[in-house]
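Single-structure report; data block below.
Just so it is clear, none of the values below were taken in a lab; they were calculated from the coordinates. From a predicted model like this one, the values you see are computed outputs, not experimental measurements. Every residue, glycine as well, gets a Cβ built from its backbone with ideal geometry; the counts of neighbours run over all protein chains shown.
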2 protein chains.
Amino acid sequence: MSVDLGARPWDQLFARHVAGDTGDQITAILNQSGATDAITLSGGFPHPETFPTQAIAESFPRVLEQSVALQYSPTAGLPGLRDWFAGWLGAQEGVRPAENELCITSGGMEGIGLISRCVLDPGDRVVVEGPTFFGALVGFQRTMTQVEAVPVDDDGLDVSALERLLATSSGPVPKIVYVIPDFQNPSGLSMSVERRHALVALARRHGILIVEDVAYRELGFDGERRPSLWALGPDVVAQVGTFAKTFAPGIRMGWVAAPAELVGQLLRAKQNTDQCTGALGQLLLEDYGRSGRFDQGIAFSRKFYRERRDIMVDALRTHLPEDMTFTRPLGGFFSWITAPAHLDTVALQKQALDEKVTYVPGAAFYPDGRGQNQLRLAYSRVPDEKITEGVRKLASVLTRAGGA
Amino acid sequence: MSVDLGARPWDQLFARHVAGDTGDQITAILNQSGATDAITLSGGFPHPETFPTQAIAESFPRVLEQSVALQYSPTAGLPGLRDWFAGWLGAQEGVRPAENELCITSGGMEGIGLISRCVLDPGDRVVVEGPTFFGALVGFQRTMTQVEAVPVDDDGLDVSALERLLATSSGPVPKIVYVIPDFQNPSGLSMSVERRHALVALARRHGILIVEDVAYRELGFDGERRPSLWALGPDVVAQVGTFAKTFAPGIRMGWVAAPAELVGQLLRAKQNTDQCTGALGQLLLEDYGRSGRFDQGIAFSRKFYRERRDIMVDALRTHLPEDMTFTRPLGGFFSWITAPAHLDTVALQKQALDEKVTYVPGAAFYPDGRGQNQLRLAYSRVPDEKITEGVRKLASVLTRAGGA
């Protein structure tokens, strides 16, 4: 590696946000949790058993015959996929996005990134849940915005706390509130219906864009379905979705449903990422959706992940020390553990690795150094029989540390 | 459409660069050239006959069997594809990118976008060829940089003119020089070997990152191959490539080969776009590459587009008024026409559309309002027999306007 780019040191070439990038810290934390010979309760990947491999194999010849399959496609997505999906979303949510209110993306994170680039200037304020998805956190921080976390409890984001923050802080009104209302990553908790209404009203009152990440929304375990924020406030909410959990992450796809003014800007910004989402993948998803197997796949996944949730929660009940709490998620991939305040889950990663078990330390999910006594466990991809063993190993590490 | 986002007008939500976005003008120009019942000499799409449809159909079952096909994959790309492609590039260029000098992207434009976001701050300077690819132009302008164009002649970018610009201008040294050295979009011209050496030396002297776009590099018609800028200066050049012209645009894929310091930043930035390029597409490309059909496909495409180039050049020779010039490209998709100074090719779009023929006005390819008497023609996708007819129609429009 050279130190310089010709006459200029590299650090003088990079944009200012690169020097101030706090993502390094999170990356370091995540890298430590990636060991492959361990029971990985760290990774939030979906399980391959939920992938529609057979359906894709069957529809592939049909799809490849279409003349648009290998060509560039419209930035907003292929008309056929957009039509099927707008109908599907309309049936689920009670609101169908209009033609100009929907954009197909290359995954949920692309949606968050596009919104950030269209809305945020350095110095702007963004509010997130504490804890929240670290990918979004790093994305917001890269725009040199001020990211503040509002607490989450059993009813999701504490809207009263957000209201107090808005009333008492002296800076500009935040531009974005980013929330994961259903089976949140990492806490597994969901926002109550009452708070959803309150948040939409608050956003209208202050002119704040709610970015609603619905990555786990379809993976509820008990049939209860709360209204999405977007359905409650399509005028102030951008719903960001991914097909990584309902189709497959190896074909990058997601969506943004949002007010037309914003979608128009996202389409222009997308011309500076991949210009369009791959047509072949869009046709495969449309075929899967129209065949009815999309809904069957979701039903399968709900049952599949519920069984794993049960195994993990049983193991946590049995093995976790009594002075630690864990969440029992009603959907999604994660349980969230809170240990006594003196425990440092970043430092404990090494001991856990010695025991061949990984997790993600809580600090990765906050913008402000909190979460040092918390950690996230995922039951989504590890083999069934390993969940209990992994929790047992982890619990022994935590028990030893707790007694210190 | 609502005027406001709750209590805030939309225009106060968007980032500052959105208000100053000059992309609008280019978008308007491009939209006018998109009519579907006309002979479209405007679009720079590859021809479906060059797509490896049969090869993909054959390799698909093999690829789908692999456990990684539908899962998330490493941000830098799957090891197998990276290994094949690093070897392929090494054989072509005489330099093999090291492990940490290569990143698989979701198309060439994603590479340009990632580099922009890692390097450019508002107010920074970027130098491009005049004319240049409008997608890159809009991408740079969205970062609120100052974009300046240096002239292109039959030997490509005028390096002496760039040297004079650097010597005489009072602003900061430009951070990026963006060039398309081979069969440039839109001019069809290539950079001489001598100028390539001179540009790399100049970049080293001033500490400027050369962004080399090799979108059309493999599509040369006469077997001559000049050294790439990246091969001449791997310490100061980021080579941005796309597989859209050598595989298929419907599977979004490209690469950046660059100094490790830069690639490391690009990988972090890519975690805020699609996080990883789709694994399914990567496996399909690797299979295609290792089977040897990638090289066969390139040989086919060269012959295929050369025939079309010949048809267009013959038609231009026959029909274009004598006071207009056109380029005879030695590769790629485009010929570039220069009419007498008083002609306005934006205004003439309407008359051309009445004649059912489309082109892209030259103004879209400059950052500074030049090119009003120029236009780009593409022979890549229009049916053979329509090329001559389209040129004849266009020539009649230009002839009538020239006499005015």
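Peptide A:109-122 shows a mean partner chain C-beta count of 4 within 10 Å per residue C-beta. Listed by chain and number, the lysines whose C-alpha is less than 19 Å from the C-alpha of A:Lys303, apart from same-chain residues fewer than 8 away, are A:Lys245, A:Lys386.
Only Lys, Arg, Asp and Glu carry charge here, each on its Cβ (+1 for the first two, -1 for the last two); on that basis the range B:53-294 has a dipole of about 400 debye about its Cα centre.
Listed by chain and number, the lysines whose C-alpha is less than 21 Å from the C-alpha of A:Lys393, apart from same-chain residues fewer than 8 away, are A:Lys350, A:Lys356. About its Cα centre, chain B has a charge dipole of approximately 120 debye under the convention of +1 per Lys or Arg Cβ and -1 per Asp or Glu Cβ, with nothing else charged. Using the Cβ-Cβ distance between A:Ala299 and A:Asp153 with R0 set to 30 Å, the FRET efficiency from 1/(1 + (r/R0)^6) comes to roughly 0.50.
Taking 24 Å as the straight-line reach from the Cα of B:Lys175, the lysines in range (excluding those fewer than 8 positions away in the same chain) are A:Lys270, B:Lys270. Looking at the range A:67-292, the DSSP beta bridges with both ends there are about 35 percent antiparallel. Across the range A:237-254, computed HN-Hα scalar couplings (Karplus, 6.51 cos²θ - 1.76 cosθ + 1.60, θ = phi - 60°) run 10, 9, 8, 10, x, 9, 9, 5, 9, 10, 9, 6, x, x, 10, 6, 8, x Hz from first to last residue, x flagging Gly and Pro. Take A:Glu389, push a point 7 Å out from Cα through the beta-carbon direction, and compare it with the same point in every other copy: 6.9 nm, smallest first.
Under the criterion of Cα pairs below 8 Å and six or more residues apart, the relative contact order for the range B:53-294 equals 29 percent. Taking N as the residue count of chain A, its C-alpha radius of gyration divided by 2.2 N^0.38 Å amounts to 0.99. FRET efficiency for B:Arg370 and A:Leu165, Cβ-Cβ distance as r, R0 = 51 Å, nearest 0.05? Between B:Arg370 and A:Leu165 the formula returns 0.50. Counting only the Cα atoms, the protein assembly as shown fills a convex hull of 157 Å³ per residue.
A simple rule links phi to the HN-Hα coupling: the Karplus curve 6.51 cos²θ - 1.76 cosθ + 1.60 with θ = phi - 60°, which for the range A:345-353 gives 6, 5, 5, 6, 3, 5, 5, 5, 4 Hz, with x for Gly and Pro. Just round it to a whole percent: the fraction of Cα-Cα distances in the range B:53-294 exceeding 33 Å. So the portion of pairs separated by more than 33 Å is 17 percent.
Give, to the nearest whole percent, the P(r) tail of the range B:291-398 beyond 21 angstrom, counting all Cα pairs. More than 21 Å apart: 37 percent of the Cα pairs in the range B:291-398. Here the extension length gained between A:Gln12 and A:Arg328 equals 108.9 nm, from 0.36 nm per residue of separation less the Cα-Cα distance. Charge dipole (Cα centre; +1 on Lys/Arg Cβ, -1 on Asp/Glu Cβ; no other charges) of the protein assembly as shown amounts to roughly 40 debye. Taking every residue in A:255-262 and counting other chain Cβ atoms within 10 Å of its Cβ, the average works out to 3.
When each of A:Trp10, A:Trp88 is scored by the number of other beta-carbon atoms lying within 10 Å, the sequence from fewest to most is A:Trp88, A:Trp10. Annotation for the range B:112-168 versus the range A:280-319: alpha-carbon center distance of 48 Å. Of the residues A:Glu307, A:Glu212, the one with the fewest other Cβ atoms within 10 Å heads the list, and the complete ranking is A:Glu307, A:Glu212. Computed per residue of chain A from DSSP H runs no shorter than four, each worth -39500 (n - 2.57), the mean residue ellipticity at 222 nm is -13000 deg cm²/dmol. Listed by Cβ neighbour count within 10 Å, with the fewest neighbours leading, B:Ile337, A:Ile180 appear as B:Ile337, A:Ile180.
Of the peptides A:279-288, B:118-127, the ranking by mean beta-carbon count within 10 Å, highest at the top, reads A:279-288, B:118-127. Projected label points at A:Ala260 and A:Val173, each 7 Å from Cα along the beta carbon direction, are separated by 2.3 nanometres. Taken residue by residue and averaged, Cβ atoms of other chains lying within 10 Å of the Cβ of A:7-19 number 6.
Sorted from shortest to longest, the distances between the B:Lys356 label points of this copy and the other copies are 7.2 nm, with each point 7 Å from Cα along the line through the beta carbon. Karplus-derived 3J(HN,Hα) values for the range A:388-398, using 6.51 cos²θ - 1.76 cosθ + 1.60 with θ = phi - 60°, are 4, 4, x, 5, 4, 4, 4, 4, 5, 4, 5 Hz; glycine and proline are entered as x. Copy-to-copy label distances for A:Arg205, where each label lies 7 Å from Cα along Cα-to-Cβ, are 6.4 nm in order of increasing length. Between A:Ala91 and A:Ala347, with labels modelled 7 Å along Cα→Cβ, what's the label distance in nm to one decimal, could you check? Roughly 5.5 nm, to one decimal.
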